[in-house]
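Everything on this sheet refers to the single structure shown next.
All of the numbers you see were taken from the coordinates with simple rules; none came from a lab. Owing to the predicted nature of the structure, the values given are computational and were not obtained by experimental measurement. Ideal geometry is used to build each Cβ from the backbone, glycine not excepted, and the neighbour counts take in all protein chains shown.
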Amino acid sequence: MRAQEDRDHAFLRADASVGSRNLRRIPALPDACARPTAEDPLTTFDVFWQTFEENYPFFASKGIDWHKVRDQYRPQVHAGTTRDELYAVFSEMVEPLYDAHVAVQDGNRIFAQVRPGTVVPTGELDTKVKKFIVERDLKGARNLQEFATGGSPTPTSPAGKAICGSPASAGTRRGDFLHAQLAELDRALDTVLGQERTQRLKSLIIDLRINGGGSDALGIHIAQRLTNTPYLAYSKRARNDPADPTRHTRPQPVYITPAQGPRHTGPVAVLTGGSTFSAGETFTQALMGRPGKTVRIGSPHKASSRTSCRASSPTAWLPGCRTRNS
């Protein structure tokens with residue numbers, strides 16, 4: 001968090017995010033913040049429902065009438081409703097959203113529902129796909145190298161192409177771990193896009209077909225090595241009125257600025273598929289406006305490009321929600 005000079009305004013940015021939240025000091029806390037919240041099942045239900053009502057941006061596009069959902073499920077909740085029963089109710093309420101970024105959590109158990117037909121990236125799937133790629137596409141390639149958690153390797157190809165894979169387990173945690181990931185990413189990029197290689201590199205293939213997402217910031221970091229010209233990657237905005245889902249914050253532009261050192265500015269092919277999630281999608285989006293020739297090849301993505309928004313209910317139920325990148 002960084003305060004501005006007047007000390008009444010600040011902005012907050014998580015390590016893995018490329019957007020920030022603007023903060024404004026108010027004279028005092030609203031009265032509602034001073035009143036304790038009841039912890040009975042009905043209050044918990046109301047907090048859960050209201051959290052989505054005020055924050056979730058996709059009810060209309062998914063054809064979900066959230067008010068009808070409340071009318072259907074609230075009569076099932078009463079003073080004697082157990083924790084397990086309430087967990088089941090919440091899970092049933094969000095299941096039709098088929099949103100990979102929505103989850104209901106109670107302790108160690110988590111309910112999440114992806115879109116039908118989606119193959120969720122796993123370490124096992126990544127290993128299987130990597131073996132297939134090496135045997136079919138990289139046969140005869142020299143100097144195969146793996147980085148980070150061992151995603152698809154980077155070869156030296158006689159055809160003047162570099163193929164970069166992205167592991168399914170490349171999620172990002174907070175704090176120092178992000179800096180460690182950036183350092184490892186730079187090590188990979190310095191190998192793939194070193195001075196000697198960029199001089200003879202004709203094209204670059206970036207394979208995101210098995211990618212579980214992670215950090216938007218890492219995607220922007222890669223894009224900075226693929227241009228000599230600054231450009232707009234995308235803009236981010238969030239809902240800005242709890243009663244009106246059509247009102248949003250002012251869009252925050254996210255720009256790509258060329259990195260120092262060797263860069264590849266020639267053709268790039270981005271491979272995507274049904275197992276390209278979250279930050280894999282925002283990275284793809286960041287490359288679409290790239291001044292150099294960029295081609296996306298593959299089937300539609302299965303998740304959505306979002307920024308995290310997490311809320312707690314009175315009895316520690318955690319309805320996960322997301323707000324859209326626009």
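Hey, can you grab everything whose amide H is under 5 Å from the amide H of LYS236? Only 5+ residues off in sequence or another chain; H modelled, so Pro and N-termini drop out.
Hits under the 5 Å cutoff: GLN252, VAL254, SER326.
Using a simple spin-label model with points 7 Å from Cα along the Cα→Cβ vector, what separation in nm is obtained for GLU39 and THR249?
Taking the simple label geometry, GLU39 and THR249 are separated by 3.2 nm.
Label ARG115 and ARG83 with points 7 Å out from Cα along Cα→Cβ: what is the distance between them in nm?
Here the answer is 3.5 nm between the modelled labels.
Explain nothing, just compute: Karplus ³J(HN,Hα) = 6.51 cos²θ - 1.76 cosθ + 1.60, θ = phi - 60°, for every residue of region 109-125 in order, whole Hz, x for Gly and Pro.
9, 9, 9, 8, 9, 8, 5, x, x, 7, 9, 6, x, 9, x, 5, 5
Order of 39-51, 112-124 by packing, highest average Cβ count within 10 Å first? Numbers along the way, then the final one.
Values: 39-51: 18.7, 112-124: 14.2.
Ranked from most to least packed, the peptides come out as 39-51, 112-124.
Using the Karplus equation 6.51 cos²θ - 1.76 cosθ + 1.60 (θ = phi - 60°), what ³J(HN,Hα) coupling, rounded to whole Hz, does each residue of region 186-196 give in order, writing x for Gly and Pro?
Whole-Hz 3J(HN,Hα) from phi for region 186-196: 4, 4, 5, 5, 5, 6, 5, 10, x, 4, 5.
Which aspartates and glutamates, if any, have their Cα less than 12 Å from the Cα of LYS130, not counting same-chain residues under 8 positions apart?
Filter leaves GLU146, ASP207.
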